[in-house]
Structures are given as C-alpha cells and as structure tokens.
Amino acid sequence: MASGLTADAAADVRIFPDPDAVARAVAVHLTSLIEAKTAGGGSFFLALSGGRTPRALYQCLAADYRDRIPWALVNIFWSDERYVPHDDPRSNYGMARETLLDHVPVSAGRVHPMPTDPADPDEAARRYERTLPRVFDLVLLGIGSDGHTASLFPGSPTLDEPERRVVVASAPIEPQVRLTLTLGALNGSDTVFFVVTGANKAPALRRIVKDSPDYHLCPAVGVRPRGGTVIWWVDAAAAAAL
Ligand code: 6PG
C-alpha cells in the first residue's frame, strides 16, 4: 500500500502500513509545523492526547527529533486526563513524561499537565482553563471504538457545553473521572491530527469519515477546528473498512 494515499476526498485520511510508519509520518509533519511557526521566534501551542496509540509517536519524537525541534519554544498541554495522580500508570501526563518529556529539552515552565490533586475535580478544570492559550496550533487526538475523542463520550452533556473550555467528564470506562477540553476548546485550534491505529478502530473510523453521524452519538465528528485542518493518520488495519 503506497503510504499517504487519501481514502476519501472529503476527509484527509493518510494511510500507512503499520503504527510505526504512522508515528514516523506524524513526527515529520508535526516537526514542519513547529519549525514553520517558530522560525520567526514565535512559540508553538500543542495539546497532547493520551491512551496507548500516541506512545509510538512520542517515542519517535524523543528518539529522532530531540535535536531538531526547538523544544524550548513549545508549550505543551493535554486534551484530556484521567483523574489519577500523575505517577499513576493510567496518567496521560505520566505516559507523555515517560515516553517523551523526560527525553527532550522542554522548558518546565511551558509544560502544563492537567492538575489532578484538588479534591474537587471541577476546581482543577477551572484552574486549567485559566492556563489555556486562546488558540492551539495543533491538537493531537485519538478515537475510541465508540467514537469518543479526548474524554468526550457519546451522549455526554459535556458535548454541548456552551462556554467552558475544560470540564469534568464521566467515562463509561475506568478510570471514570476525567478532565477534558470541550469541543469549543478543541475547535479553537488551527490544526487537529487524529492518530488512529488497529483493527478495533476500523468500524468507528468508517462511521466518522464516511457516515458522519450526529456528534452526540459519535463525538469525534464534532471536531471542526477553526483553522479548518483535520488530518487522519491511520494504519492499514484501522483503514480496512474505508
Ligand atoms: C484517553 C484518551 C482517549 C484516547 C482513546 C483511544 O485518555 O484515554 O485521550 O480519548 O485517545 O480512548 O485510546 P487508545 O489509544 O488507548 O486506543
């Protein structure tokens, strides 16, 4: 399969043979976006995703782009977090720390994990909201087999949050308590990369890309960044139903 083939005219879906090839391709494109934005001295605002899928990308960035990316100019946020301590193996911050941040020269003042220490998760959400940039240059997202993205789950009232940019979410999977950027915050971005690998994601990917159902049923459909760019980086297994 030729890498980078677009499967559907409407959606920019780029298909690669396997998860490592996906990670390498995303790393190349992400690096060029950061270089373009920081060339004139500007800084880059990036929101990382959690779960298992982005591990390969973070490891690739740490291994092959440590000296290429101007990490000191990159401001790092998260699109969602499990409400567990940062040293918990289920922590999205913890995973990014282990696979990427401990291995590249980011400046500590520009790394903004979602706080999970306050007893009241809503206080944590409000605190995080105050740290957000007006616009993200790039938001990384994944999808679940139910079509959720970040911690925005089907049927959740958070999907119609009119004002807040960070809210507490209840997940149908463990750990249940989460913090998540809202659709409003996700759509306040220039570019969104969905990174999707594995056969178990094939039905959901087809639903989102081909059928585009109502976002209350399939939240990933509600991601429409103001900058207009959404790229789906997928492997052959996830693209099998396209
Ligand atoms: C999380 C994520 C979530 C994730 C999907 C896919 O905190 O779990 O942010 O939205 O992207 O659940 O997860 P996997 O990559 O583990 O399949």
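The values are calculated or read from the model by the stated rules, or taken from the named source; none is laboratory data. Given the structure is predicted, the values throughout are model-derived calculations rather than measurements. FYI the Cβ positions are ideal-geometry reconstructions off the backbone, even for glycines, and counts take in every protein chain you see.
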- Message: Can you tell me which of (1) in contact (Cβ under 8 Å) with a residue 24 or more places away in the chain; (2) out of contact with any Asp or Glu (no Cβ under 8 Å at 6 or more places or on another chain); (3) within 16 Å of the ligand (Cβ to nearest atom) is the one Cys60 doesn't meet?
- Response: (2)
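Let's see how each residue does on (1) within 11 Å of the ligand (Cβ to nearest atom); (2) within 26 Å of Val234 (Cα to Cα); (3) of a type in the set (Phe, Trp, Tyr); (4) under 17 Å from the mean Cα position of the chain (by Cα):
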residue	(1), (2), (3), (4)
Trp71	no, yes, yes, no
Trp78	yes, yes, yes, yes
Pro118	no, no, no, no
Asp122	no, no, no, no
Gly147	yes, yes, no, yes
- Can you pull out the residues in the stretch 153-191 that are more than 24 Å from Arg127 (Cα to Cα) and surrounded by 17 or more Cβ atoms within 10 Å (Cβ to Cβ)? Pro154, Thr191
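Could you identify the single residue in Ser49, Ser43 that is modelled with pLDDT of 95 or more, away from the ligand (no atom under 16 Å from the Cβ) and hydroxyl-bearing (Ser, Thr, Tyr)? Talk me through it step by step, then tell me what you get.
Working: Ser49 fails: away from the ligand (no atom under 16 Å from the Cβ).
Checking each option against the conditions leaves just Ser43.
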- Report, by residue number, each residue of the stretch 124-141 that is assigned to a loop (DSSP other than H, G, I, E, B) and more than 19 Å from the chain's Cα centre (by Cα). Arg130
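Consider the stretch 121-154. How many of its residues are of a type in the set (Asp, Glu) and touching a helix residue (DSSP H, G or I) at 6+ places or on another chain (Cβ under 9 Å)?
Residues meeting the conditions: 3.
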- Being farther than 27 Å from Ala119 by Cβ, within 13 Å of the ligand (Cβ to nearest atom) and touching a residue at least 24 places away in the same chain (Cβ under 8 Å), is that true of even one residue in the stretch 160-171? no
